[in-house]
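Some notes on the structure that comes next.
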Amino acid sequence: MATAIGPDAARVRSFAQAFRRRYCRAPAFWAAEGYDAANLLIHRLTAIRGQRPAREALIAPLRAATYRGISRDFSFDQKMLQLSTPASFVHQVRDGAFHYLGPAPDRAPQPKGR
């Protein structure tokens, strides 16, 4: 079980192929998540428009963000301030390497009192 989808998953295959062509090596295990995090931030920055925002000015737009990344969909729980979308994946270790099997049958944690 891992929170990274891994570069051999079908959902990120085109990303992994483009990475290999550009850098002549396979992407790291967390590369798709890093790509998604950067693009989520870029998406929110372009939505704000205007001058460069202060760090504090990004908090509300990021909390309200929904974003479809290559590894998963992103949205944030307002009370817990964490991902509200499931984010675990099942991998199998074979021949000393991780092999993606699919999403884990998990659900996002629910805050107490819901």
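The values are calculated or read from the model by the stated rules, or taken from the named source; none is laboratory data. None of these values were measured; they are calculated from a predicted model. Reconstructed Cβ throughout: ideal geometry from the backbone, glycine too, with neighbour counts over all protein chains shown. Please note that ligands, DNA and RNA were not included when accessible areas were found on the heavy atoms of the full protein model with its side chains. Shrake-Rupley method; radii C 1.70, N 1.55, O 1.52, S 1.80 Å.
All Cα-Cα distances of segment 1-86, cut into 5 Å bins from zero to the largest, leave 3, 13, 21, 20, 16, 13, 10, 4, 0 percent in each bin in turn. Averaged over its residues, segment 1-87 has an accessible area of 67 Å² per residue, based on protein heavy atoms and a 1.4 Å probe.
Of the chymotrypsin sites (Phe, Trp or Tyr not before Pro) found in segment 1-73, none is in coil by DSSP with at most 11 other Cβ atoms within 10 Å of its Cβ.
Just the protein heavy atoms count here, and of the accessible area of segment 1-106 at 1.4 Å, carbon and sulfur take up 56 percent. The angle between the Cα long axis of helix 55-64 and the longest principal axis of the Cα atoms of the chain comes to about 70 degrees, rounded to the nearest 10.
A Gaussian network model of the chain, with springs between Cα atoms under 10 Å, assigns the largest mean-square fluctuation among 64, 54, 37 to 54.
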